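So the structure is just underneath, and the comments pick up after that.
The values are calculated or read from the model by the stated rules, or taken from the named source; none is laboratory data. Being a predicted model, the structure only gives us computed values, none of them experimental. Counting neighbours? That spans all protein chains shown, and the Cβs are built from the backbone with ideal geometry, glycine included.
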Amino acid sequence: MKNEKQEILYRITFVVSILVLTFFFTFDANAWHKTWLDLFDWGWFDGKTYVNNSPGYLGKRYLQQGNYKEAILCYSKAIELNKTDVSAYIELAWLLSTCVDDKYRDGLRAIDLTEKAITFLECRNIISPNALVLSCGELFGVQAAAYAEVGKYEEAIKLQEKALIMLKNEGYEALSKEHEKYLKSFIEHKPWRHKYNGTLYHF
């Protein structure tokens with residue numbers, strides 16, 4: 001009975017806290033978002049349950065605003081909370097590889113991130129058709145951009161060609177056309193630069 005009362009009190013405290021925070025941060029979205037990240041730090045959520053204010057979701061919102069610094073922090077938090085959040089790996093590595101702002105690019109970290117995701121998804125052993133082909137195709141494409149960012153264009157071209165084969169074989173025609181643009185850039189020894197322009201995704 002005591003544990004039940006404590007749980008009820010915990011939930012009431014949580015709801016009241018959210019209502020108070022909502023009142024104080026109604027006109028300051030960034031402060032509200034930072035507070036949500038603090039709640040994750042304090043252990044209020046495990047990071048695996050989708051909510052509109054999860055770190056991964058907030059990362060996408062910050063990208064929409066062109067706030068690369070906060071987006072990187074949010075995606076990093078999403079991965080810290082959930083080591084298998086493929087979307088967070090993809091979006092963070094893409095941002096670190098292709099950001100138009102020099103100070104936020106980090107090709108080596110992007111390579112490491114994509115390698116981890118490719119390994120735990122076992123993308124190198126994937127056999128089509130497979131539900132993971134899209135995620136693996138994107139990961140190889142993002143890793144290609146990361147290698148291009150550090151000047152390793154031969155690796156970038158091989159990875160991008162691999163991504164294109166996977167995506168085309170699964171019928172992702174529109175997505176394949178975007179990847180063809182990346183491949184052309186890498187063949188010309190040019191890293192890809194992406195400006196979000198209010199969109200949430202790069203693909």
> L200: at pLDDT below 95, under 17 Å from the mean Cα position of the chain (by Cα) and part of a loop (DSSP other than H, G, I, E, B), yes or no?
Replying inline: yes
>> Could you check the stretch 180-194 and list, in sequence order, the residues that are assigned to a helix (DSSP H, G or I) and in contact (Cβ under 8 Å) with a residue 40 or more places away in the chain?
In response: Y182, F186
> So L159 clears everything in (1) hydrophobic (A, V, I, L, M, F, W, C); (2) in a helix (DSSP H, G or I); (3) in contact (Cβ under 8 Å) with a residue 24 or more places away in the chain except one condition, right? Which one?
Replying inline: (3)
> Filter the stretch 67-102 for residues that are more than 23 Å from A144 (Cα to Cα) and not in a helix (DSSP H, G or I); which is nearest to the chain's Cα centre (by Cα)?
Replying inline: N82
>> Please determine whether any residue of the stretch 118-127 is at pLDDT below 95, acidic (D, E), surrounded by fewer than 16 Cβ atoms within 10 Å (Cβ to Cβ) and not in a helix (DSSP H, G or I).
In response: yes
> Residues of the stretch 70-93 being closer than 15 Å to I111 by Cα and touching a residue at least 40 places away in the same chain (Cβ under 8 Å), which ones?
Replying inline: V86, Y89, I90, E91, A93
> Does any residue of the stretch 147-160 turn out to be at pLDDT below 95 and closer than 22 Å to E180 by Cβ?
Replying inline: no
> Of all residues in the stretch 141-181 being among the aromatic types (F, W, Y) and surrounded by fewer than 24 Cβ atoms within 10 Å (Cβ to Cβ), which is farthest from E115 (Cα to Cα)?
Replying inline: Y172
